[in-house]
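One structure is given below, encoded as structure tokens.
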Amino acid sequence: MFTNSGVPFTSIESVGEFRLIELITRDFKSFSPHLVQGIGDDAAVIAQPDGSLLLISTDAMVEGIHFDCSYTPLKHLGYKAAITNFSDIFAMNGKPFAITVSISVSNQFSVEALQELYSGIQIACKEHEVDLIGGNTTAIKSGLHIGITVLGKVAADRISYRKGAKPYEILCVTGDLGAAYAGLQILEREKAVYLTNPSIQPDLSEFAYVVERQLRPPSRKEVINFFEKANIVPTAMIDISDGLVSEIYHICKASNVGATFYQNKLPIDYQTIKVAELFELPVTTYALYGGEDYELLFSIKQTDYEKVSAFRGITPIGYIEETPLLVRMVQADNSVVDIKPMGYEHFRSN
Ligand code: ADP
Ligand code: MG
């Protein structure tokens, strides 16, 4: 056994995912004059000779952390793995064009199972005109790990970073919030029922929408196409993978601003409300902290407000404010509460 006696031991849990990334990457200096944005946004940005920008992002999905094979169809899992990567390219206002896929898999999986996984990746690629251009395959002792790197592109005058939000701009989200977490709760509940009594077949029809949001999240490609057609460039943008509040803080930190949003403007699906009732939790908790929605959160100039509000599927929820890192929510009764930075973070007990 190797021991590191005398070397300090800081647990990863005590620092959390975001601080960990900072600690392990902060001493790296960049070499390329073409690197426009390195670590710190949804994708890295590299200037191309033709003046356009190349976007690169990578994300992994790990069995037992991101998915549970007992209720996750592998086809959906492949689709989701691809879509979640595309989402980071959309968050830069770009379009994905190629992926590499790296799988680490144990012998418990069959060839057919992996073909099924890849059929889901293929559907996502076809829908988005993205090429599978390579990858890597290795064995692991147990489980399944999928790592995807996505390449995208965007014109230099159309890119959205996390850092461009200015006071008085309007904060918007796409789709609805909290549904993926609600779906996860339903799936976990059905799993528990099945484990105690395997003869009971789960009936998920009442919650089909939220379950689908968990297993097979939608792509927001149409929003990026709308921005292009309407000639709108969000001043800042991020995708919502770890919960609305966490992503608002990322934008506020990068842009050195604060934000105020309205509780009664948060877009929440009827089924999410039903699940919140079932689990006796405030539905706002789902919208604020539920992860894996893969919606987009962005700020726009006030002059773009009319154009944006005409698009179904985008909801203005508040505005950007001057005070750095002060995030507030106006509640239904008009009282204002400070919202602390919280959301899904790996290694934390969440
Ligand atoms: P997202 O949720 O959009 O995928 P993350 O929160 O995972 O973004 O990552 C934030 C930033 O940190 C990104 O720029 C990402 O590339 C970078 N990053 C994350 N993990 C590492 C790592 N282990 N080494 C280097 N950079 C990392
Ligand atoms: Mg992201």
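The values are calculated or read from the model by the stated rules, or taken from the named source; none is laboratory data. As the structure is a computational prediction, the values presented were derived from the model and not from experiment. Virtual Cβ from ideal backbone geometry, glycine too; neighbours counted across all protein chains shown. Side chains included, ligands, DNA and RNA excluded: accessible areas come from the protein's heavy atoms. Shrake-Rupley method; radii C 1.70, N 1.55, O 1.52, S 1.80 Å.
Conditions tested, residue by residue: (1) among the acidic types (Asp, Glu); (2) within 16 Å of ligand 2 (Cβ to nearest atom).
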{"residue": "SER5", "(1), (2)": "no, no"}
{"residue": "THR25", "(1), (2)": "no, no"}
{"residue": "PHE31", "(1), (2)": "no, no"}
{"residue": "LEU55", "(1), (2)": "no, yes"}
{"residue": "ASP68", "(1), (2)": "yes, no"}
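Mind checking whether some residue in the stretch 29-44 is assigned to a strand (DSSP E or B), at pLDDT 95 or above and touching a Lys or Arg at 6+ places or on another chain (Cβ under 7 Å)? Scanning the stretch 29-44 turns up at least one residue that is assigned to a strand (DSSP E or B), at pLDDT 95 or above and touching a Lys or Arg at 6+ places or on another chain (Cβ under 7 Å).
With the condition kept exactly as written, say whether any residue in the stretch 67-78 is among the aromatic types (Phe, Trp, Tyr), surrounded by 11 or more Cβ atoms within 10 Å (Cβ to Cβ), touching a strand residue (DSSP E or B) at 6+ places or on another chain (Cβ under 8 Å) and not assigned by TED's automatic domain parsing to the domain that holds ILE186. Write out each step before concluding.
From the stretch 67-78, those among the aromatic types (Phe, Trp, Tyr) are 67, 71; that's our starting set.
Add one more test, that the residue is surrounded by 11 or more Cβ atoms within 10 Å (Cβ to Cβ), and what stays is 67, 71.
Going one step further and asking which of them are touching a strand residue (DSSP E or B) at 6+ places or on another chain (Cβ under 8 Å), we end up with 67.
Going one step further and asking which of them are not assigned by TED's automatic domain parsing to the domain that holds ILE186, we end up with 67.
There is at least one residue in the stretch 67-78 that is among the aromatic types (Phe, Trp, Tyr), surrounded by 11 or more Cβ atoms within 10 Å (Cβ to Cβ), touching a strand residue (DSSP E or B) at 6+ places or on another chain (Cβ under 8 Å) and not assigned by TED's automatic domain parsing to the domain that holds ILE186.
Of the strands (runs of 3 or more DSSP E) lying entirely inside the stretch 80-192, those containing at least 3 residues that are open to solvent by less than 40 Å² (accessible area, probe 1.4 Å) and either free of Cβ contacts under 8 Å to residues at least 60 places away in the same chain or among the small types (Gly, Ala, Ser) (or both) span 95-105.
Considering only residues that are in a loop (DSSP other than H, G, I, E, B) and in contact with a helix residue (DSSP H, G or I) (Cβ under 9 Å, 6 or more places away or on another chain), which ones fall in the stretch 4-20?
Of the stretch 4-20, the ones in a loop (DSSP other than H, G, I, E, B) are 4-11.
If the condition is that a residue be in a loop (DSSP other than H, G, I, E, B) and in contact with a helix residue (DSSP H, G or I) (Cβ under 9 Å, 6 or more places away or on another chain), then THR10 is the only one that fits.
Selection of the stretch 222-240 for residues being within 18 Å of THR315 (Cβ to Cβ), charged (D, E, K, R) and either open to solvent by 20 Å² or more (accessible area, probe 1.4 Å) or away from ligand 1 (no atom under 16 Å from the Cβ) (or both) yields only GLU222. Taken as a whole, the stretch 215-227 holds at least one residue that is in contact with a helix residue (DSSP H, G or I) (Cβ under 7 Å, 6 or more places away or on another chain), within 15 Å of ligand 2 (Cβ to nearest atom), outside any strand (DSSP E or B) and among the charged types (D, E, K, R). Considering each residue of the stretch 32-46 in turn, at least one proves to be more than 26 Å from the chain's Cα centre (by Cα) and not small (Gly, Ala, Ser).
Among the residues of the stretch 47-61, those that are touching a Leu at 6+ places or on another chain (Cβ under 9 Å) and within 13 Å of ligand 1 (Cβ to nearest atom) comprise LEU55, ILE56, SER57, MET61. Identification of strands (runs of 3 or more DSSP E) wholly contained in the stretch 244-350 with 3 or more residues that are within 26 Å of TYR161 (Cβ to Cβ) and in contact (Cβ under 8 Å) with a residue 60 or more places away in the chain yields 258-262, 295-300, 314-321, 327-330. All of (1) out of contact with any Phe, Trp or Tyr (no Cβ under 9 Å at 6 or more places or on another chain); (2) surrounded by fewer than 23 Cβ atoms within 10 Å (Cβ to Cβ); (3) of a type in the set (Ser, Thr, Tyr) hold for TYR209 with one exception: (1).
From the list SER160, SER87, the lone residue that is outside the structural domain of GLU63 (by TED's automatic domain parsing) and either within 20 Å of the chain's Cα centre (by Cα) or under 16 Å from PHE227 (Cβ atoms) (or both) is SER160.
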